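Below is one structure, written out as structure tokens; the observations come after it.
Only the coordinates and a few stated rules stand behind these numbers; no lab work does. This structure is a prediction, so every number in the text was calculated from the model and none was measured. Cβ: placed from backbone, ideal geometry, glycine included. Neighbour counts: every protein chain shown.
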């Protein structure tokens, strides 16, 4: 056994709306585990997955835990790459302004706060997928 | 007599809403619940379908489900919001309920 830390590129692909099914919450838990092991983590939101990032979620009325604030903690885990597929947003009448503002602090730029969300096309997302060691789909 | 249809799936992930609106007769009601409420928003690919249905049907959306999902604003005009008590009233005010699961 070697003590050398193995770092792999992990992409978590999120395709389901929150609350209607358990996928979104389960994905978030796995993402945090991967990040805690200091892996190179990226997240992608496509299809109904983009609904996970809407701001102003208030679940008091449905008696379910509101896990949306957790997305704002991803920056603390040094997760810097959150890809949102732009056609999925457009098809749902949403813009970037409808989503939470997610940031990270860039170690290589004097800890400047930077936007974590990057709008990408489906083709660009396909290329990102090909660059990964592991792709996990939720 | 008139029927209440409930739709609980996102229109993007299920044909529940489309099938429901094809079958629902004029004068009947459609209640959007759970992920079904995403269809209540303006600007989606399904807005035209919902607008067409509003011409001869009542469409309701469950407000707590809209709020949970952060999509309570920018809704299609003519959709009425109900709370859980309103959901119960709708079921008793109609002769029967069809759930499009």
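Placing one equal scatterer on every Cα of chain B and applying the Debye formula, the log10 ratio I(q)/I(0) at q = 0.16, 0.18 Å⁻¹ is -0.58, -0.75. On a per residue basis, the convex hull of the C-alpha atoms belonging to chain A measures out at 125 Å³. Once the mean of 1/r is taken over each pair of separate Cα atoms and inverted, segment B:8-55 shows a Kirkwood hydrodynamic radius of 10.8 Å. In terms of the mean number of neighbouring beta-carbon atoms within 10 Å, the peptides B:10-18, A:59-67 order highest first as B:10-18, A:59-67.
Over every Cα atom in the protein assembly as shown, the radius of gyration and the widest Cα-Cα span, Dmax, amount to 20.1, 74 Å. Counted by neighbouring Cβ atoms within 10 Å, the residues B:67, A:90, A:107 run from fewest to most as A:107, A:90, B:67. Rg of the Cα atoms in segment A:74-138, relative to 2.2 N^0.38 Å, amounts to 1.24.
Computed on segment A:9-137, with alpha-carbon pairs under 8 angstrom and 6+ residues apart, the relative contact order is 31 percent. For peptide B:31-43, the mean count of partner chain Cβ atoms within 10 Å of a residue's Cβ comes to 3.
With a 10 Å cut-off around each Cβ of B:60-73, the average count of Cβ atoms from other chains is 6. Model label points for residue A:64 and residue A:4, set 7 angstrom from Cα along the Cα-to-Cβ axis, are 4.5 nm apart.
Fewest neighbouring Cβ atoms within 10 Å first, the residues A:15, A:92, B:42 line up as B:42, A:15, A:92.
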